[in-house]
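Below is one structure, written out as structure tokens; comments come after it.
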Amino acid sequence: MQEYNINNYLDGVKKIGMCGHIRPDGDCVGSCLGLYTYLKNNYSEIDVDLYLEPIADKFKFLKYSDEIINNADADKEYDLFIVLDCSAIDRIGEFAKYFNSASKTLCIDHHVSNTEFADVNIVYPDYSSASEVVFTLLDREISYDTACALYLGIIHDTGVLKYQSTSAQTMEIAGKLMSKGIPFTDIIDDTFYSKTYVQNQILGRALLESVLFYDGKCIFSVVKKDEFEFYNISSSDLDGIVEQLRITKGVECAIFLYETAPLEYKVSLRSKDLIDVSKIATYFGGGGHKRAAGFCAKGTVYDVINNISEQIELQFEKEQDNI
Ligand code: 5GP
Ligand code: MN
């Protein structure tokens, strides 16, 4: 631990801009607010702005979540612009404007597909989460608020400390964060497991209409645009559906699509032991991790599933050859 230190990048820096990826998830929000609160607590002489697309209500208990700026309307230039939990520059949406005009850029990430797009890239693909990476960069006081945010990020990207990306170090860090007196049970229940009535309805519907294929080794389900309107939901209401598909007995690879525009889908891929879904997502222009990845696809559901299936089959065939 502590190969890098955030302090080393702050010499002479007066204005910092920060952002995470579009459609921010728990790790994105946790790593961003964790670092934001840390900088505000320990470097009060530096002005920090945090940019994110609107975050889910369940994350709004985190300190300073009300200071997050949701648009890139203001003309600002930063001495340092920090991008968190992002594998590629096309994942920061309109905030690229601040990245491009900043004097120096820093990327803090854990995606194996990271393209090293910043001036300095601190990328640990074997770390569970961007929040874990952030923790290892800090050597000053970690407040209760920073601890809440980083713990939340770790919980979300590890599926509550269970995915293969969870290491002994992850558990040690989670323990250190818990020792700050954070409400860890509530963070897990209220932000990870708890679902609203409509979230449960859409989950139920997605499971009911899921389709097993490839001898039961793969499963997919789709949520169409008209269902978004019918249930009055947004994409963050679909969190957890792909994880539920993944744990179907016998399934190695789960695919979940939701329609973002006519003939356009956001694809989430998850696997258990064999398939490297980051390779598949990268092949289709996206990215992610070995066991969790995603991309945006164009075409009919039939086309999208067919194209993904081909790539899955190729990996299964290679697996067979290696036996
Ligand atoms: P999810 O399926 O939860 O949206 O994403 C799973 C993982 O894949 C996350 O780490 C996320 O950052 C990454 N990912 C999802 N969609 C995309 C995408 O369109 N492009 C890239 N580069 N990564 C993605
Ligand atoms: Mn992450």
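Okay, here's what the table says:
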quantity	calculated
Reachable lysines from LYS279, criterion Cα separation under 17 angstrom, eight or more residues apart if same chain	LYS266, LYS290, LYS318
Rg/Rg_globular for the chain, with Rg_globular taken as 2.2 N^0.38 Å and Rg from C-alpha atoms	0.99
Accessible area of the chain divided out per residue, in Å², using a probe of 1.4 angstrom	46
Accessible surface, 1.4 Å probe, highest first, among residues LYS76, LYS272, LYS162	LYS162, LYS76, LYS272
Solvent-accessible area of LYS104 with every protein chain in place, 1.4 Å probe, in Å² to the nearest 10	90
Anchor LYS15: lysines whose Cα lies under 27 Å away (excluding residues fewer than 8 positions away in-chain)	LYS40, LYS60, LYS63, LYS76, LYS97, LYS104
Among beta bridges that DSSP assigns inside the chain, antiparallel share in %, nearest 5	45
With every protein chain in place, the chain: carbon and sulfur % of accessible area (1.4 Å)	48
Spin-label proximity, ASN8 to the range 136-172 - amide N less than 12 Å from point 7 Å beyond Cα toward beta carbon	137-138
Rounded to the nearest 10 Å², the accessible area of ILE69 at probe 1.4 Å	50
Computed lengthening from ASN232 to LEU208, 0.36 nm per intervening residue step minus Cα-Cα distance	6.7 nm
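The values are calculated or read from the model by the stated rules, or taken from the named source; none is laboratory data. Because the structure is a prediction, the values reported are computed rather than measured. All Cβ positions, even for glycine, are placed from backbone atoms using ideal geometry, and neighbour counts span all protein chains on display. Heavy atoms of the whole protein, side chains included, go into the accessibility calculation; ligands, DNA and RNA do not. Shrake-Rupley method; radii C 1.70, N 1.55, O 1.52, S 1.80 Å.
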